[in-house]
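Input: a single structure, listed below in structure tokens.
The values are calculated or read from the model by the stated rules, or taken from the named source; none is laboratory data. Note that the coordinates shown come from a computational prediction; the quantities given were computed from them, not determined experimentally. Glycine also receives a Cβ, built like all others from the backbone with ideal geometry; neighbour counts cover every protein chain displayed. Surface areas here come from the heavy atoms of the whole protein model, side chains and all, with no ligands, DNA or RNA. Shrake-Rupley method; radii C 1.70, N 1.55, O 1.52, S 1.80 Å.
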Amino acid sequence: MAVQSGVYRGVPAEERVAERRAKLMEATLAVWADPDRRTTMTAICAEAGLTERYFYESFSGLDDALTAVMDAIATEIEETTMHAAEEAGTDPAARTRATLEAFVALLRDDPRKCKVALVEAAAMPGLRHRRAELLRHFAHRTAVEAREIFGANTRTEAEDDVAGLLFIGGIAELVTAWLEGAVEVSPEDLVEAASRGFLGLYG
């Protein structure tokens, strides 16, 4: 089969690279979340059915692949929850509940995402900084959302950011405990408790 202009079997080179990266991302998530496997480049390549050559086509190393998975999870959470909030309208309680329902549903549907982003990443020195950055990002987004839906208040932006850190840190611990079975509550109870926490901090 002749190869012309980067096209092979009708598929452009850029598309093939993207497809291989997607396979490697999914494989990284699968291996990283599996307690019976060591998270190595070799294991990831075997899971994806690709050689190490293609791993280095997309990532500079193992930490780069793990960070990419964390960032993808964070992006999915942010996009999903922001869409849910906008669909809920302007009522603070309704927006809060819709946001948290979307977040809990996402992690309930694929608990691996919480496991790797919150639990496993914290145990890996090369990822702790990025994990902390993402948590602080969500804390700031929480503070921004609070100011948008509650309007002007007597708190400073710094105080709102502190409240955001308290809220996001608490949510991270609560959801982790829930998925690990350490806290036996329904998803609805979890959303209710988190909603009260948010409204109590900012309302």
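Cβ-Cβ distances below 6 Å connect the following pairs, each with a first residue in the stretch 35-46 that is hydrophobic (A, V, I, L, M, F, W, C), a second residue that is in a helix (DSSP H, G or I) and surrounded by 11 or more Cβ atoms within 10 Å (Cβ to Cβ), and a separation of six or more residues or different chains: MET41/PHE55; MET41/LEU62; ALA43/VAL31; ILE44/ALA27; ILE44/THR28; ILE44/VAL31; CYS45/GLU52; CYS45/PHE55.
Check the stretch 23-39 and report whether any residue there is in a loop (DSSP other than H, G, I, E, B), in contact with a Phe, Trp or Tyr (Cβ under 7 Å, 6 or more places away or on another chain) and either at pLDDT 95 or above or not aliphatic (A, V, I, L, M) (or both). So far as the stretch 23-39 goes, yes, one or more of its residues are in a loop (DSSP other than H, G, I, E, B), in contact with a Phe, Trp or Tyr (Cβ under 7 Å, 6 or more places away or on another chain) and either at pLDDT 95 or above or not aliphatic (A, V, I, L, M) (or both). For the stretch 79-99, check the following and say yes or no: at least one residue is among the aliphatic types (A, V, I, L, M) and either at positive phi or touching a Phe, Trp or Tyr at 6+ places or on another chain (Cβ under 7 Å) (or both). No, the stretch 79-99 has no match at all. Counting the residues of the stretch 156-181 that are farther than 13 Å from LEU118 by Cα, open to solvent by 50 Å² or more (accessible area, probe 1.4 Å) and assigned to a helix (DSSP H, G or I) gives 7. The set of residues from the stretch 154-165 being touching a residue at least 24 places away in the same chain (Cβ under 8 Å) and either farther than 23 Å from ASP91 by Cβ or over 18 Å from the mean Cα position of the chain (by Cα) (or both) comprises ASP160, ALA163, LEU165.
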